[in-house]
1. What's the magnitude of the charge dipole for the chain around its Cα centre, counting Lys and Arg as +1 and Asp and Glu as -1 at the beta-carbon? Answer in Debye, nearest 20.
2. First obtain the Kirkwood hydrodynamic radius of the chain from its Cα pairs, then insert it into the Stokes-Einstein equation at 10 °C and 1.306 mPa s, and state the resulting D in µm² per second as a whole number.
3. Would you kindly work out the equivalent ellipsoid of segment 46-89 from its C-alpha gyration tensor and give its semi-axes, the square roots of five times the eigenvalues, largest first in whole Å?
4. Counting only C-alpha contacts under 8 Å and six or more residues apart, can you give the relative contact order of segment 6-81 as a whole percent?
5. Per DSSP helix of 4 or more residues, -39500 (n - 2.57); summed, then divided by the residues of the chain. What does that give at 222 nm, rounded to the nearest 500?
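None of the figures in this text is laboratory data; all of them are computed from the coordinates on show. Keep in mind it's a predicted model, so treat the numbers as computed, not measured. No Cβ is skipped: glycine too gets one built from the backbone with ideal geometry, and neighbour counts run over all protein chains shown.
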Amino acid sequence: MSGIPIDLACELLTKSLAAWHLVGVVHRSIDEAIVILGTPKDIRIDPAPPDLMFRWMITIDNRKRGAISFVSVLRQVREALDPGYASTRVRVAVSPLVLS
């Protein structure tokens, strides 16, 4: 399970859409998923099964991706709905220590 209650996640998504000045209505489905309606994209957010390393599974226009945290969910939703949003990602890799 995700660790964050679905109702709290819905409220956070609703307030995030408003803060980003994006249109959309967040609903909780009967099967414990979060659905965002009224947008050009079809967005569904499900708590991931316990056997996955992800906490959430996000489906945007039939493309399913995992999210390790709810922050990742928010980033993916904003990327999908806000074409002007310039996301930045950090990549962590093992490499030798560089001394100057």
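1. Values: 12 positive and 10 negative charges, 76 e Å.
It works out to roughly 360 debye.
2. Numbers: Rh = 14.6 Å.
Here the translational diffusion coefficient equals 109 µm²/s.
3. Details: eigenvalues 83, 27, 9 Å².
Value: 20, 12, 7 Å, ordered largest first.
4. On the way: 116 pairs, mean separation 14.8, N = 76.
Relative contact order for segment 6-81 comes out at 20 percent.
5. On the way: 2 runs with 26 residues, N = 100.
Only helices count here, giving -8000 deg cm²/dmol.
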